[in-house]
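For reference, the structure discussed in these notes is given below.
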Amino acid sequence: MTVPTKAEIQATILNISETLLMISGLVDDDDDILGEGHDDELAMALDDGNEFDYDEDQDRVAEVLEYTSINWMLVAQFMMGDGSRGTYNQIPKSLDYFSTSLQSPDRYFRQMFRLGRDTFDELVARLNQDPIFHVPGRKPQRHVKYQLACFLIRYGLRGSDTLDVARKLSIGHGTVFIYCSRVSRALRRLGRQVLSFPSKERQDEIAVEIQAKTGLPGCIGSVDGSLIELTEEPIVNGHVYYTRKKFYGINIQATVDHERRFTSFELGWPGSVPDSKIGSLHPATVGLPGQQAQNPAHNEEDGDIDEDVDVGVPEYETDAYIKTAGQSKRQQLMDAVVPEEDYM
């Protein structure tokens, strides 16, 4: 089968366009259609003896044929180029949103990016060292701060729509996904460098600081869980992601030290999994991978447990390694009204 050349295709398109334009002129409801250089026999055949009575539908058909002919002409015209990429159909965009937001007050800055300005600048400096932002190519990447802002607007504001992010930052829709993918990879690599469960020496230091502030001995941090809301039910086993708060979500649990620095996190559990279940797998109770469990240090002579504990919220089960911070206000009220022995 012979493949037609570009010139042959262009000539065929022009012939189709001319034919459609001629038919459009013949179908058009003009009283003077005869005698103006058109084929009189073809015109009379189209008229079918109706003496060119006005027909609105016929007029619309003529317009459609004319527009179709013009479109084919444009196609043929575009084929006359040298093969280079044409201009995009750009929509009006503002280039001032990001630069203006960087100069906004701290309160507005935090609302837009879910971070303080100092934290944002520090994170930009750290991410800028990742090689994923310095890949050689024909076109250099935009600065890391733009890509991080794209990530924070999309995922920080309750999962913003990607089109909204593209509109705010004046970037392409597909660029939003590229920026978010880069930042996600860089953050995961950075997380492995800066976030780790404290060593035994660090645990002792944390315990001393917490005891000095609270009087609680042997405490190496605080633990709590939260829910990340999903916009729709997951396709696979979606029912297990339905939370007690009546929405689909993912459970996350994290620990912090006395300086409110994250020391560990557990992410990805379905929303229906209780905090106590996730807490049972915490490094404070099972030890880190490849290491001996750091708790408990059992004294064989007197049977005591040299226990390091985390302080959790009341939803956690109290044991030798996790102590709840106290009863909730609801539980305190219940104890004051209903005796414990009357509980069902």
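No lab work stands behind these numbers, since they all come straight from the coordinates. Quantities reported herein were computed from a predicted structural model and do not represent experimental measurements. For neighbour counting, all protein chains shown are included, and Cβ atoms are generated from backbone atoms with ideal geometry for every residue, glycine included.
Computed over the alpha-carbon pairs of segment 219-287, the distance histogram in 10 Å steps reads 21, 46, 25, 8, 0 percent, short to long.
Taken over the Cα atoms of segment 123-242, the convex hull encloses 189 Å³ per residue. Placing a label point 7 Å from the Cα of ILE178 along the Cα-to-Cβ direction, the residues of segment 116-141 whose backbone N falls under 19 Å of that point are 128, 130-141.
How big is the dipole moment of segment 96-194 about its Cα centre under a simple scheme where the beta carbon of each Lys and Arg is +1, that of each Asp and Glu is -1, and everything else is neutral? Debye, nearest 20, please.
On the way: 18 positive and 8 negative charges, 65 e Å.
With only Lys, Arg, Asp and Glu charged at Cβ, the dipole is about 320 debye.
Any chance you could check the Cα centroid distance between segment 95-120 and segment 184-209 for me, in angstrom? When both Cα centres are located, 28 Å separates them. Here segment 219-287 is treated with +1 on each Lys and Arg Cβ and -1 on each Asp and Glu Cβ, and its dipole about the Cα centre works out to around 140 debye. With a Förster radius of 35 Å applied to the C-beta separation of THR100 and ILE132, the computed FRET efficiency comes to 0.80. Can you work out the FRET efficiency for the pair VAL236 and PHE262, with r the C-beta to C-beta distance and R0 = 25 Å, to the nearest 0.05? So, using R0 = 25 Å, E works out to roughly 0.30.
The ARG189 and ASP118 beta-carbon pair, evaluated with R₀ = 25 Å, returns a calculated FRET efficiency of approximately 0.65. Along its three principal directions, the equivalent ellipsoid of segment 96-194 from the Cα gyration tensor extends over semi-axes of 20, 17, 13 Å, largest first.
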